[in-house]
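The values are calculated or read from the model by the stated rules, or taken from the named source; none is laboratory data. Keep in mind the model is a prediction, meaning the values are calculated, not measured. When we count neighbours, we look across all protein chains shown, and the Cβ atoms used for this are built from the backbone with ideal geometry, even at glycine.
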Ligand code: EPU
């Protein structure tokens, strides 16, 4: 096990290249199971959640081959299994996409209940409701979801999402894409990765319209064919580095982004005093003046993303005045607050609301990452703080950030990896 050691207080200057989107990749790679043929998928981020998904896909009998660091070929022609064992499934949340993909391909899926970062209760009732609407019978037995299509296969249906769930929307698309007839998903989630999954499936022969709006319409097709697809850049990774520049100061060109996807993040960083300029498929961000207070409420896309809440809160710890953060998606996304307080931050939390009283400076401290985005926020706080910060349990951060240390060192950050005590953390690594 390793830890990050950061000597903070240095502004960032240079360029950072953004990797492929984690939350698109973890759905698109399972979607390749629906294809009887070879899918070449480019811009795949090298992160531990992707490694785990690919291991599951391989265990099911698919042929997985990397052509280079970020391009993978998946041949699912000969997959035979439809059972995903506990030891892999519970290591990440996105293993729930195996249910939709296997149900869509075979009409059967037996998948251990997913794991993932602890952000409070993370039910999958909406996923199950959608599979049932498509005709599947679904039971949870001894921690495994058993989903089976009727003999004549899944059929199209109109599905109303009680909540615009990212995972349930994408899982329904996976199950419905090769079903008989038409499916309509109403109150669908609209995140960029939903559109990316639809584009991937359409490029393999699916007929999906309306992704990115409230209503997604799917006309079932008999089969999907192989092809080549490139995953979109990671909105949250880009936002995280933009927040790092906002907190630590400096001037950085963030390359390989879709600026439109960043609008909801850019708006807040500009309100806080950053300057953001769009240059083709890059954004240049700088901050030299004082940080201003802002209020934030996290919402489904195109609102401010919950996956950026901890990172922007790290910036707000150093802003002039009092900011109010309202977490609108997850019930337990303030677990980083105790760690920030060790650095001198002043934050009060009451349920979904955090009140952050800006301080003049943060002081380096020993911190423990407690989930993926909280860990990223600790890196930002460490970069902005005076003195040395150590962050342990970085396996959380490695779930979603490719080459974080190299990218930050490339813009002048003083951050390095050091060896840490292995045994103490191993158990946590296994429950994600
Ligand atoms: N919900 C239900 N029932 C369900 C599904 C969701 O009540 O069956 C509720 C959740 O409890 C939550 C809300 O609906 O309050 C939204 O959950 P959603 O299903 O949209 O989240 P998810 O699919 O589990 C994905 C991302 C998360 C991200 C959320 C929201 C993946 C693998 N995970 O989770 O990403 O926070 O959407 O945008 O795509 C991260 O990357 O750090 C991360 C946690």
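Quick notes
- Of the strands (runs of 3 or more DSSP E) lying entirely inside the range 1-87, not one is found with 2 or more residues being buried (at least 20 other Cβ atoms within 10 Å of the Cβ), without any contact (Cβ under 8 Å) to a residue 12 or more places away in the chain and out of contact with any strand residue (DSSP E or B) (no Cβ under 7 Å at 6 or more places or on another chain).
- Count of the range 317-339 residues, restricted to those that are outside any loop (DSSP other than H, G, I, E, B) and out of contact with any strand residue (DSSP E or B) (no Cβ under 7 Å at 6 or more places or on another chain), is 1.
- Lone unmet requirement of (1) crowded, with 18+ Cβ neighbours inside 10 Å; (2) within 16 Å of the ligand (Cβ to nearest atom) for residue 303: (1)
- Checked against the criterion of being within 16 Å of residue 359 (Cβ to Cβ), more than 16 Å from the ligand (Cβ to nearest atom) and crowded, with 24+ Cβ neighbours inside 10 Å, the candidates 314, 319, 247 yield just one match: 247.
- The numbered conditions (1) surrounded by fewer than 24 Cβ atoms within 10 Å (Cβ to Cβ); (2) within 16 Å of the ligand (Cβ to nearest atom); (3) not in a loop (DSSP other than H, G, I, E, B) are all true for residue 189 except (3).
- Criterion violated by residue 424 - all others in (1) surrounded by fewer than 19 Cβ atoms within 10 Å (Cβ to Cβ); (2) at pLDDT 95 or above; (3) farther than 19 Å from residue 52 by Cβ satisfied: (2)
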